[in-house]
Amino acid sequence: MPRPSLPERLSQSLQQQRHKLAKRAAVLRHEGSRVLTNANDRFLRTRELTLSGQTPYEVLHDNGLVKLRHYLPLTETEIQLGEGILAVNPKRHRVPVVLVPPLAVNMNIYDFFPERSLVKFLLAHGFSVYLIDWGRPTLRHTHYNLETYIADFMPDYLSHIRRHAGVEELSLHGWSIGGVLALGYAALSKDPNIRNLVIVGTPINGHASGALGKMYQRLAKQAAWVRKHTGFRVHNLSPRLLHTPGWINSLSFKMLSPANSLLGYWELITRLDDREFVVNHATNGAFLDDMVAYPGGVIQDMMIRIWLDNDLADGRIHLGKHQIDFADIKASLLAFAGKQDTMVTADAMRPLPDLISSDDATLALISGGHMGILAGSNTPTEAWPQLADWLAPRSQ
């Protein structure tokens, strides 16, 4: 067969190059379309992308602001947990778990991802799970303070849980300021039926909390000087002046690690072609970008009682007409502190076991920052198994 002529070979080569370019152009059009679709969904349809809050629940009580959730038993025989599979325990523990969140956060953090959900984990381990959803305070609620939540809301909502569950004994799980609410209720009420307390990342000795603690110490000295020479106290202000909108809380949380926040968005831009990454970024963003307002009265109490005067370091706090003493707590205690938590360091939590009267009190250090110790990527294999192993024998 005669060899093709030079013009024929050039023509064939050009056809091959045109074919390759056409295929490459098709690939680029497809990738470009995927990037544009993902970018549009991430920035304009974030709520539809998020994976949080998919575990079914019923609302048992609603006072117009605060709602009581009861999560329904799982219908599956197994669930995905991180990279593994967890069999669902068909037997129920007698003592329910009540999740007591902090203020300012939305509740998605407790049911963050289908494979990283504290709610589903507890349900799979045979616990009945309730959650007190503090709602979204407005300026109408700005006079609410820690006393409101500890002395008024907590007893009311726990009574509804007891009627629904048909048992008196409860386990309270409090993260961050939610831990203050759980500890405060247990101490104030001297409730003998608070069987267990799980306290996660809660400021006890705020002045020992790393760089933030040193800042609190400096501010405390300045505040003491102002009180001595002027008589002025933060509680002299109208709570309305200290009401903190949700967007400020979102910004404050992100500023704990501004570099990571910026890197997260840079990584999003470079990985817009990765649908799974975009969905995960949207789910994280839906939590961080949707913080809830702090009532001004709560800010007053936190500024003075927890941050400046550092009352909890001695296990005592004065709220309104109530004097709360952690020595009145006799429940079993499991406290988790984050090794990388810069908001509430391990040293800030270390005094807690010695401040209560229970002989069954444990402090455990786990991986993660302030958010990570509750629902970070390591929690399904590190913190949550410790929680289940500790709680199960104490919930019979």
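The values are calculated or read from the model by the stated rules, or taken from the named source; none is laboratory data. This structure is a prediction, so every number in the text was calculated from the model and none was measured. Note: ideal-geometry Cβ built from the backbone for every residue, glycine included; neighbour counts use all protein chains shown. Please note that ligands, DNA and RNA were not included when accessible areas were found on the heavy atoms of the full protein model with its side chains. Shrake-Rupley method; radii C 1.70, N 1.55, O 1.52, S 1.80 Å.
Which of rounded, prolate or oblate describes region 304-344 when judged by the alpha-carbon gyration tensor and an a/c cut-off of 1.5? Since a/c reaches 1.5 but b/c is at least a/b, the shape of region 304-344 is classed as oblate.
The equivalent ellipsoid of region 44-129 has semi-axes of 22, 19, 11 Å, largest first, where each one is the square root of 5 times an eigenvalue of the Cα gyration tensor.
Listed values (i) -0.62, -0.76, -1.39; (ii) -0.54, -0.68, -1.61; (iii) -0.57, -0.69, -1.47 include one computed from this model; for log10 I(q)/I(0) by the Debye sum over Cα atoms at q = 0.09, 0.10, 0.15 Å⁻¹ that value carries the label (iii).
Counting only heavy atoms of the protein chains and using a 1.4 Å probe, residue 363 has close to 50 Å² of accessible surface. Each Lys or Arg adds one and each Asp or Glu takes one away; over the other residues whose Cβ falls under 14 Å from the Cβ of residue 185, this sums to -2. Largest accessible area first, the residues 207, 370 order themselves as 207, 370 under a 1.4 Å probe with ligands, DNA and RNA left out. Of 212, 181, 131, the residue with the greatest mean-square motion in the GNM of the chain, using alpha carbon springs below 10 Å, is 212. If both residues of a DSSP beta bridge must be in the chain, then about 45% of such bridges are antiparallel. Atom-type composition of the exposed protein surface of region 121-277 places 59 percent of the accessible area on carbon and sulfur (1.4 angstrom probe).
For the chain, the relative contact order is 20 percent, taking Cα pairs closer than 8 Å that sit 6 or more residues apart in sequence and dividing their mean separation by the residue count. For residue 65, neighbours were defined as the other residues whose beta-carbon sits under 11 Å from its Cβ, and their charges (Lys and Arg +1, Asp and Glu -1) total +1. Charged side chains reduced to their Cβ positions (Lys and Arg at +1, Asp and Glu at -1) give the chain a dipole of some 1260 debye around its Cα centre. Placing unit charges on each Cβ (+1 for Lys and Arg, -1 for Asp and Glu) gives the chain a dipole about its Cα centre, and among 251, 110, 353 the Cα reaching farthest toward its positive end belongs to 251.
Once the gyration tensor of the Cα atoms in region 167-226 is diagonalised, the equivalent ellipsoid follows with semi-axes of 31, 13, 6 Å, ordered largest first.
At a probe radius of 1.4 angstrom, the accessible area of the chain per residue rounds to 48 square angstrom. Largest GNM mean-square fluctuation among 211, 293, 124, using the chain with Cα springs under 10 Å: 211.
Among 153, 113, 326, whose mean-square fluctuation peaks in a Gaussian network model of the chain (Cα, cutoff 10 Å)? Largest GNM mean-square fluctuation: 153.
Counting Lys +1, Arg +1, Asp -1, Glu -1, what net charge surrounds residue 247 among other residues with beta carbon under 12 Å of its beta carbon? Taking every other residue near residue 247 into account, the sum is -1.
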